[in-house]
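The structure appears right after this line, and notes come after that.
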Amino acid sequence: MRKLLSLLMLLGAACAQTAVLLAGDAGGRVHYVGGTLAPAPSQSHGNIDTTNAEVLIFHRKESNLEIPYQKINVLEYGQKVNRRFAEAILISPLMLLSKKRKHFLTVGYTDMEGHQQAMVFQMEKGDVRSILASLEARTGRRVEFQDEEARKAGKG
């Protein structure tokens, strides 16, 4: 009985630690789709981390990239909307009525040498609002929206 109680307490402590770690996670999964970064190959997968008060961190498998928030001078959000033609052909013509949206964030900043740089990320739908809100708060800059549909998705 004591062993079971000890095991339950240990499991509870581990769950509490995990909950704290997850609660502090402000950011989300992204795909680097392009920009001016030489060391970041196109289509790198990683995470954007906005929990640091001084720098935006792009965690990649290869390495991390840190950008001071004060150096960020462009935040732009947009969407690419496609009809689901392949699904309509393979599954049902009704699929033409639905749209597939991809969500993109452009971050422009000046590097250590004073040159303008840019990164374009594709984000998950569920991460859009939290990433945009965090970046606006950390940088003091407003996110520019490409169109009214992007504004609706980004602001809610």
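The values are calculated or read from the model by the stated rules, or taken from the named source; none is laboratory data. A quick note: this is a predicted structure, and the numbers were derived from the prediction, not measured. A quick note on method: Cβ atoms are made from the backbone with ideal geometry, for glycine too, and the neighbour counts reach across all protein chains shown.
Being touching a helix residue (DSSP H, G or I) at 6+ places or on another chain (Cβ under 9 Å) and loosely packed, with under 13 Cβ neighbours inside 10 Å is the filter here; which residues of segment 120-154 pass it?
Listed by number, the residues that qualify are 125, 140, 142.
Within segment 34-81, which residues are of a type in the set (Phe, Trp, Tyr) and either at pLDDT below 95 or out of contact with any strand residue (DSSP E or B) (no Cβ under 7 Å at 6 or more places or on another chain) (or both)?
Result: 58, 77.
Scan segment 110-130 residue by residue and report those that are part of a loop (DSSP other than H, G, I, E, B) and either within 15 Å of the chain's Cα centre (by Cα) or in contact (Cβ under 8 Å) with a residue 24 or more places away in the chain (or both).
111, 124
Filter segment 133-149 down to residues that are farther than 13 Å from residue 69 by Cα and not in a loop (DSSP other than H, G, I, E, B) and give me whichever is farthest from the chain's Cα centre (by Cα).
The selected residue is 148.
Counting only residues that are surrounded by 12 or more Cβ atoms within 10 Å (Cβ to Cβ) and among the aliphatic types (A, V, I, L, M), which one in segment 82-119 is modelled with the lowest pLDDT?
95
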